[in-house]
Amino acid sequence: MNIKRQLGTTCGLALSFAMFASLGLAARAQDAVVEGLVIGRDGPSMSVKTAETPRVTVLLSDTTKATEKDGFLGWGRKDLGIISLMPGMSVKVEGTYDGDHQLVAKKVTFTRNSYETAKQIDAGLNPVNSQVAAQQDQLRSQRRDLDQNAQDIDATKQGLAVTTAATGANTQAIGKTNDRIGTLDQYDTKDSITINFANGKAVVNPKDKDQLTDFVKQAADTPGYMIEVQGYASTTGSATLNQRLSAERAEAVLAIIQQTGVVPMTRILAPAAMGTSNEVADNHTRAGQAQNRRVVVTVVVNKGIVGATNSGE
């Protein structure tokens with residue numbers, strides 16, 4: 001009788017162990033690793049194109065780790081946060097699929113080269129855009145010359161014809177640049193605010209800080225919003241210094257946005273250091289330089305969300 005009981009107990013333990021083991025295997029079966037190119041980012045949702053699937057939906061959260069690998073064999077690591085994730089990056093995503101077959105990301109890793117390339121694409125610093133910027137500078141110079149010689153009507157007409165042709169070439173070049181990173185999500189601009197800085201400084205004054213805080217709190221009420229931060233510099237000083245200043249100014253404004261506590265990290269696009277590009281005033285005057293030393297904070301909404309909202313009205 002005792003032998004039967006022992007056998008029964010042994011069989012029961014074996015069955016229980018088998019059940020737990022099968023449950024563990026089932027849980028591990030949900031874990032997944034995906035490697036590919038980021039082709040879109042909309043708040044907590046990121047789209048990744050892999051060799052097998054044209055679009056994998058990845059869900060990010062404030063607990064998702066975004067780590068840059070560097071150094072020999074990728075042993076050097078730096079946690080940059082999910083703000084650093086942007087279209088054009090090659091990434092490795094580790095996580096678990098949910099019931100809707102969306103990959104809930106626990107960890108995202110990428111190389112420094114991939115991150116720097118994506119930043120250059122995002123900031124428009126690739127060779128094509130550099131050529132476009134040079135052509136635009138030339139066009140602005142041509143327009144000023146045409147204004148000074150406005151009495152010569154024939155010359156003005158010829159200059160406008162050249163300007164129109166060059167603008168068309170610029171548009172084609174920009175289109176080719178955008179094609180480098182595929183069909184990325186497009187955004188509509190809803191509102192923006194500009195913060196100006198003193199020469200050589202990256203400190204936001206108290207008045208601008210208060211205005212920025214109010215602006216961000218209002219933006220947080222916009223359905224499906226994202227916040228874009230772009231830093232700029234005037235041409236005073238070296239190119240290296242101006243690039244660094246534009247980055248520091250963007251980071252200073254980003255810190256204030258985060259301090260408001262109303263904008264989750266998933267709603268902020270990667271800050272861009274734009275250097276001396278996209279000047280809004282003449283850099284040959286002090287007043288113009290003051291206007292160019294700035295950070296532009298823009299509230300944007302994915303066009304897909306806007307379209308869905310409009311169609312439901």
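Checking residue 301 against (1) modelled with pLDDT of 90 or more; (2) of a type in the set (A, V, I, L, M, F, W, C); (3) part of a strand (DSSP E or B), only one condition comes out false. Which one?
Just one mismatch for residue 301, condition (1).
Quick test for you: out of 51, 32, pick the one residue that is hydrophobic (A, V, I, L, M, F, W, C), at pLDDT 80 or above and either open to solvent by less than 60 Å² (accessible area, probe 1.4 Å) or under 18 Å from the mean Cα position of the chain (by Cα) (or both).
On the way: 51 fails: either open to solvent by less than 60 Å² (accessible area, probe 1.4 Å) or under 18 Å from the mean Cα position of the chain (by Cα) (or both).
After ruling out the rest, the residue left standing is 32.
Can you pull out every residue in the stretch 175-221 that is within 18 Å of the chain's Cα centre (by Cα) and at pLDDT below 65?
177, 178, 179, 180, 181, 182, 183, 184, 185
Out of 81, 71, I need the residue that is under 20 Å from the mean Cα position of the chain (by Cα) and modelled with pLDDT under 85. Which one?
Numbers: 71 fails: under 20 Å from the mean Cα position of the chain (by Cα).
When all the criteria are applied, what remains is 81.
Take the residues of the stretch 202-235 that are part of a loop (DSSP other than H, G, I, E, B) and free of Cβ contacts under 8 Å to residues at least 24 places away in the same chain: which is nearest to residue 287 (Cα to Cα)?
Applying the first criterion (part of a loop (DSSP other than H, G, I, E, B)) to the stretch 202-235 yields 202-205, 220-224, 232-235.
Adding the requirement that they be free of Cβ contacts under 8 Å to residues at least 24 places away in the same chain leaves 205, 221.
Numbers: 205: 18, 221: 35 Å.
The extreme case among them is 205.
The values are calculated or read from the model by the stated rules, or taken from the named source; none is laboratory data. Bear in mind that the values here come from a model prediction, so they are computed numbers and not experimental data. Note: ideal-geometry Cβ built from the backbone for every residue, glycine included; neighbour counts use all protein chains shown. For the accessible areas, the whole protein counts, side chains as well, though only heavy atoms, and no ligand, DNA or RNA atoms are used. Shrake-Rupley method; radii C 1.70, N 1.55, O 1.52, S 1.80 Å.
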